[in-house]
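The values are calculated or read from the model by the stated rules, or taken from the named source; none is laboratory data. This structure is a prediction, so every number in the text was calculated from the model and none was measured. Because the Cβ atoms are built from the backbone with ideal geometry, glycine has one as well, and the counts that use them run over all protein chains shown.
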Amino acid sequence: MTIKRILCPTDLTVESDEALRYALALTRAYDAKLIVFHCTPDTPGAGLVNGEAKALLEQSIIPHLGAGDLLNLDWEGVVVSDEDPGKAISEQAAELKVDLIVMRSRRRPHRAALLGSTAESVSRTAPCAVMVTHADEREWVGATTREIDLKRVLVAYDFSDYSELALTYALCLAQEYQSELHLLHVLPRFTLDEAEIAWYPLGNDGPYHKAASRLQKAVPSEAHLWCSIKHAVSEGQPYREILNYAERNQIDLICIGAHGAGFGMLTLFGSNVDRVLRQAPCPVLVARPLRHSQSLVVAELKTEKVAERVDRTVSQAALTNLGEAR
């Protein structure tokens, strides 16, 4: 895993600055460049002048560094004016070719359920992976030592390409920090109608046995040489099973793919990823493919519109031919 640029958004409050502790630790671990990002409302006079902005951003960084470390830190501050912080963060990440976004979530579940939070918005649209931290979580970056102590990593694995990407991130982190790797697959409700003891006999090709077998094959065999790997298959609501497993096993980081029912839409209840972000007992890494160029997104939108026009034209032509045939 190559991480050259890390973007850490801040609203210049003590709460959001806590994400800087993780961003700085990862910056040092991967010898990366840190970009501290601040977004102001898009109103006249709201922007900060360069000198003032740099001073404020420095004040956010200094509490999480040792004495004199700021001079040796490869970092820059970026301040923009925009009414939509989530959109501004994703756009800046694409423009600056960021490899990882590390940000704080305030975890206001009732408000987020209705309007969506900035962290959830960024997780939907970012051109790279997003790590979301929050208060009252199980932390793995020492407040005083500033060292990374990542003991257990959980991957929510549903055999999709997105969960495969999440597994790739988790494997890299587990190898880097000698962490215990957990893979969890959740079957739909009422899939298992047999007693647990009946899941294990050889020759049983039931859903549990198939899922367990696929989980074992998902991890490269050489990974077992440097990492302790545990597999689990459960049944029920995916987000509940993920959260319960993380709580029971004292997971330090949940890796999950940005894929799932309703994830690309602002819905009343959100998706499994949304709910994991709101309720997880530890930081969450939402794995997304690198898409630095906004032109790729624009091109896709144009392609979709062209395809829609082609479909309409073909449909109209077909109706015309059908009418003539009649």
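Structure summary
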{"item": "Residue 168 at pLDDT 90 or above and hydroxyl-bearing (Ser, Thr, Tyr)", "result": "yes"}
{"item": "Count of the stretch 121-156 residues which are over 17 Å from the mean Cα position of the chain (by Cα) and of a type in the set (S, T, N, Q)", "result": "2"}
{"item": "Criterion: modelled with pLDDT under 85 and of a type in the set (A, V, I, L, M) - qualifying residue of 135, 174, 126, 212", "result": "135"}
{"item": "Flag for residue 282 being modelled with pLDDT of 90 or more, under 30 Å from residue 96 (Cα atoms) and outside any strand (DSSP E or B)", "result": "yes"}
{"item": "Residues being acidic (Asp, Glu) and assigned to a loop (DSSP other than H, G, I, E, B) - total across the stretch 204-234", "result": "1"}
{"item": "Any hit, the stretch 93-112, residues being more than 15 Å from the chain's Cα centre (by Cα), at pLDDT below 90 and over 23 Å from residue 41 (Cβ atoms)", "result": "yes"}
{"item": "Hits in the stretch 147-164 - residues which are part of a helix (DSSP H, G or I) and touching a Cys at 6+ places or on another chain (Cβ under 9 Å)", "result": "163"}
{"item": "Residues satisfying the stated conditions in the stretch 7-21, i.e. surrounded by fewer than 23 Cβ atoms within 10 Å (Cβ to Cβ) and of a type in the set (Ser, Thr, Tyr)", "result": "13, 16"}
{"item": "Inter-residue pairs, beta-carbon under 9 Å, first in the same structural domain as residue 283 (by TED's automatic domain parsing) and within 16 Å of residue 39 (Cα to Cα) and in the stretch 4-24, second hydrophobic (A, V, I, L, M, F, W, C) and at pLDDT below 85, 6+ apart", "result": "15/135"}
{"item": "Residue under evaluation residue 226, criteria (1) modelled with pLDDT of 90 or more; (2) more than 27 Å from residue 189 (Cβ to Cβ), criterion not met", "result": "(1)"}
